[in-house]
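The values are calculated or read from the model by the stated rules, or taken from the named source; none is laboratory data. Not measured: the values here are computed from a predicted model. Glycine also receives a Cβ, built like all others from the backbone with ideal geometry; neighbour counts cover every protein chain displayed. All accessible areas refer to the heavy atoms of the entire protein, side chains included, with ligands and DNA or RNA removed. Shrake-Rupley method; radii C 1.70, N 1.55, O 1.52, S 1.80 Å.
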Amino acid sequence: GEQIALAGGSTRRRAYELLADMDLDWSRCELWLGDDRCVPPDHEHSNFKMVQETLVDRIPDDDYPGSWRRIQGELGPKRAAELFEEELRLVFREREWPRFDLILLGIGPDAHTASLFPNDAALAERRRWTVGVDTPGMAPLVPRVTLTLPVLNAAREVVFLISGADKADAVARAFGDAPSLDAPSSLVNPPDGALTVLLDEAAAARLPAR
């Protein structure tokens with residue numbers, strides 16, 4: 001099956017609503033989250049809840065995803081990250097890093113992606129597949145669980161989906177300047193995969209002209 005990691009955020013919400021209306025076969029897809037907040041699955045800040053409502057609940061039963069796994073954030077960042085990694089290792093056996101077929105990402109106004117925040121210690125992780133983030137770099141100030149940078153960079157395809165003028169500075173820092181720990185999105189560049197950045201005009205407004 002296709003291993004796909006999804007993201008939260010308002011731009012992705014609209015994309016999921018559009019995808020749910022398309023005649024696609026989801027039955028071979030295994031859906032994961034690239035990150036989530038440490039809240040129960042019915043909480044307003046839950047990425048799981050958002051994807052469930054906008055996409056999974058709207059897929060016809062015959063085409064329902066092969067699996068759809070959540071991060072058990074209500075257990076706290078450390079335990080939830082441990083369980084998330086155990087689950088990943090059962091599926092992506094005997095690999096140094098899991099190789100997702102697709103990872104969908106967004107970007108924050110601070111240029112973070114997933115729950116990898118500027119200059120956070122999590123950016124230096126080179127062994128673990130998942131980490132808990134006790135103090136995120138921006139609101140909501142709820143602990144998180146996230147895939148690590150080497151996992152993002154092991155993917156076959158990474159797609160950033162970004163819209164809005166409030167993201168223009170972050171986009172310019174992430175995709176117009178040299179890679180930097182100040183802009184975690186700039187560190188996503190799969191050496192053996194494809195990187196696609198989908199922007200609307202407002203989000204792309206401060207990129208250098210090509």
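Observations on the model:
- SER180 vs. criteria buried (at least 16 other Cβ atoms within 10 Å of the Cβ) and among the polar types (S, T, N, Q): no
- Reported count of residues in segment 182-210, each being part of a strand (DSSP E or B) and more than 21 Å from ALA121 (Cβ to Cβ), is 6.
- 2 or more residues without any contact (Cβ under 8 Å) to a residue 60 or more places away in the chain: qualifying strands (runs of 3 or more DSSP E) within segment 82-181: 130-133, 157-162
- Test: residue in segment 19-41 that is touching a Leu at 6+ places or on another chain (Cβ under 7 Å) and assigned to a helix (DSSP H, G or I): yes
- Enumeration of residues in segment 64-73 that are surrounded by fewer than 15 Cβ atoms within 10 Å (Cβ to Cβ) and either in contact with a Lys or Arg (Cβ under 6 Å, 6 or more places away or on another chain) or outside any strand (DSSP E or B) (or both): TYR64, GLY66
- Residue in segment 158-174 that is of a type in the set (Lys, Arg), over 26 Å from ALA81 (Cα atoms) and surrounded by 14 or more Cβ atoms within 10 Å (Cβ to Cβ) present: yes
- Among the residues making up segment 92-117, those that are open to solvent by 40 Å² or more (accessible area, probe 1.4 Å), farther than 16 Å from PRO150 by Cβ and under 18 Å from the mean Cα position of the chain (by Cα) are LEU102, PRO109.
- Lone qualifier among ASP192, ASP166 - being closer than 23 Å to ASN47 by Cα and modelled with pLDDT of 95 or more: ASP166
- Qualifying residues in segment 189-203 (those that are of a type in the set (Gly, Ala, Ser) and within 17 Å of ALA15 (Cβ to Cβ)) - the one most open to solvent (accessible area, probe 1.4 Å): ALA202
- Test set (1) open to solvent by less than 40 Å² (accessible area, probe 1.4 Å); (2) within 28 Å of ARG95 (Cβ to Cβ) - ALA121 fails condition number: (1)
- Residues that are surrounded by fewer than 19 Cβ atoms within 10 Å (Cβ to Cβ) and more than 26 Å from ALA165 (Cα to Cα) within segment 21-48 comprise ASP21, MET22, ASP23, LEU24, ASP25, SER27, ARG28, GLU30, PRO40, PRO41, ASP42, HIS43, listed in sequence order.
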